[in-house]
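The values are calculated or read from the model by the stated rules, or taken from the named source; none is laboratory data. What you see is a predicted model, and the numbers here were worked out from it, not measured in a lab. Reconstructed Cβ throughout: ideal geometry from the backbone, glycine too, with neighbour counts over all protein chains shown. Side chains are part of the model used for accessible areas, which takes the heavy atoms of the whole protein and leaves out ligands, DNA and RNA. Shrake-Rupley method; radii C 1.70, N 1.55, O 1.52, S 1.80 Å.
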Amino acid sequence: MKAKFTEQQPAVFWQPVEKKIFVTICLNETETEEEMGETKQTVYEYDCNQIWIQEGELDEETVRASPEKYLDYIPQKEKTPTELLEEKIEEQQTQIQMLTDCLLEMSETVYQ
């Protein structure tokens, strides 16, 4: 999309907000003057993408290194509470199995 600003914008604006990140990509700047009432105002127009992403979805350094790759980026779909719960259960099952294996190894060592 095209976006206009009254001030020049950085190529990448990265703003963490709680557990999400607000990212604005502004590329291909063109400078024009527009009349606003009786005054002329310098306006900066950009190819722009503004997105909300989950923490860890993108790497800030990677985005800053190649912002043009993210002009059309569509964020990952946010997980439902059920999906989040299923992931948590899987993690816990893995931990339980690991602890069980550890306990078995320790009991073999102690009782031999």
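Quick check for you: with a 1.4 Å probe and neighbouring chains kept, what is the accessible area per residue of the chain, in Å²?
So the chain comes to 81 Å² accessible per residue, rounded to a whole number.
So how much accessible area does E61 have, in Å² to the nearest 10, using a 1.4 Å probe?
Estimated to the nearest 10 Å², E61 gives 150 Å².
Treating each Cα of the chain as an identical point scatterer and ignoring solvent, apply the Debye formula and state log10 I(q)/I(0) at q = 0.16 Å⁻¹.
Calculated log10 I(q)/I(0) at the listed q: -0.85.
Most fluctuating residue of Q76, Q54, Q97 in a GNM of the chain with Cα springs under 10 Å: which is it?
Q97
Treating only the Cβ atoms of Lys and Arg (+1) and Asp and Glu (-1) as charged, compute the dipole magnitude of the chain about its Cα centre; round to the nearest 20 debye.
Value, rounded to 20: 140 debye.
Return a whole-number percent for the relative contact order of the chain, with Cα pairs under 8 Å and 6 or more residues apart as the contact set.
Computed over the chain, the figure is 22 percent.
Could you check how much of the accessible area of the chain is carbon and sulfur, as a whole percent, using a 1.4 Å probe?
51 percent
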